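The values are calculated or read from the model by the stated rules, or taken from the named source; none is laboratory data. Note that the structure is a prediction, hence the values are computed from the model and not measured. Neighbour counts run over all protein chains shown; Cβ positions are idealised from the backbone, glycine included.
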Amino acid sequence: MTPEPFKSHALMYAQRGFLVVPIKAKAKGVPLTKNGSKDGSNDPKQIEEWIKEFPGANIALVSGPKSGARGMMFVDVDKHHGGFQTMRALVDRHGDLPKGPRSVTPHGGVHMFFAFNGRIVQGNDKLGQGIDIKTTNGMATAPPSYWDGMKGGEEILPGGGFYRWLIAPHGTTLPVLPDWAVRLLTPVKTPQKAATVDYSDPTNEQLMDLLAYIPNTERDLWIKVGMGLKSTLGDAGFALWDTWSATGYEKYKSSDTRTCWRSFRGDGVGIATIVYQARENGADLKEILGNTSLG
């Protein structure tokens, strides 16, 4: 008997912060809402409405900076278009990707989920043949969705099959793509004039948007971001720093974060460091902070 994937799992994924959207039952990635992936939501009320409207639907996770605690993107490795061979060559040359949530499709492909990185431009074959990158408004059909194996009236996979987790998500934290993958996926930037921004009184939402662009992989930068937040918000900034800290720094411990925070005097490094790091990693300051002029 085919389960009701959206009805049974949508609220659970939403509790982890992921944006979800109902998609056609027994199919792959056919949205049922008017705007497709752009309708992705983790609002329980919206999800309950969809459950009533589309009780037998499959379910997709939607990528983007607001999906999950610190945003979500995914790598789609296509088994039948050379993706496995490409990935093996990349790993042999650069090293393994960090372990994190991974699902397998009925046809043998793999979806690998990572923290959002605003520097990366999505597209097909971005890491080589058979490896697609979905950073914003991408849909990953999620377990326990079922595909009947049909495509365009032709039976591609006799009997069909279920999407299933190889490594299920736990909590809300996703691993960060390693530097070598980010370099390969980041377009060469055209030099720009420095932006002069009025960031004298940023909101928490603006700061969260800025932090989404800053890779949390090095301790020195981790400390500078914490100092910048304390200088700007005082102790009210700790929650932002602790949330961001948990997204990528491999040695993260909540107790260490609290100890370091207490040592910051709230001077020296300021909010300018956060603004600079976000801009260098692809943030559009005009969009996030507004009131921007080029100097």
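Before moving on, here are some points about what is shown:
- Counting only strands (runs of 3 or more DSSP E) that sit completely within the stretch 127-193, those holding 1 or more residues that are basic (K, R) and not assigned by TED's automatic domain parsing to the domain that holds A283 correspond to 131-134, 164-167.
- Restricting attention to the stretch 87-117 and to residues that are outside any loop (DSSP other than H, G, I, E, B) and in contact with a His (Cβ under 9 Å, 6 or more places away or on another chain), the residue that is surrounded by the most Cβ atoms within 10 Å (Cβ to Cβ) turns out to be S103.
- Residues being out of contact with any Asp or Glu (no Cβ under 8 Å at 6 or more places or on another chain), over 22 Å from I288 (Cβ atoms) and not β-branched (V, I, T) - total across the stretch 42-69: 13
- If the condition is being in a loop (DSSP other than H, G, I, E, B) and within 19 Å of the chain's Cα centre (by Cα), then the stretch 268-283 contributes N281, G282, A283.
Quick grid of which residues meet (1) surrounded by fewer than 18 Cβ atoms within 10 Å (Cβ to Cβ); (2) modelled with pLDDT of 90 or more:
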| site | (1), (2) |
| --- | --- |
| R164 | yes, yes |
| T172 | yes, no |
| V176 | no, yes |
| L211 | no, no |
| T217 | yes, no |
| L221 | yes, no |
| D235 | yes, no |
| T247 | no, no |
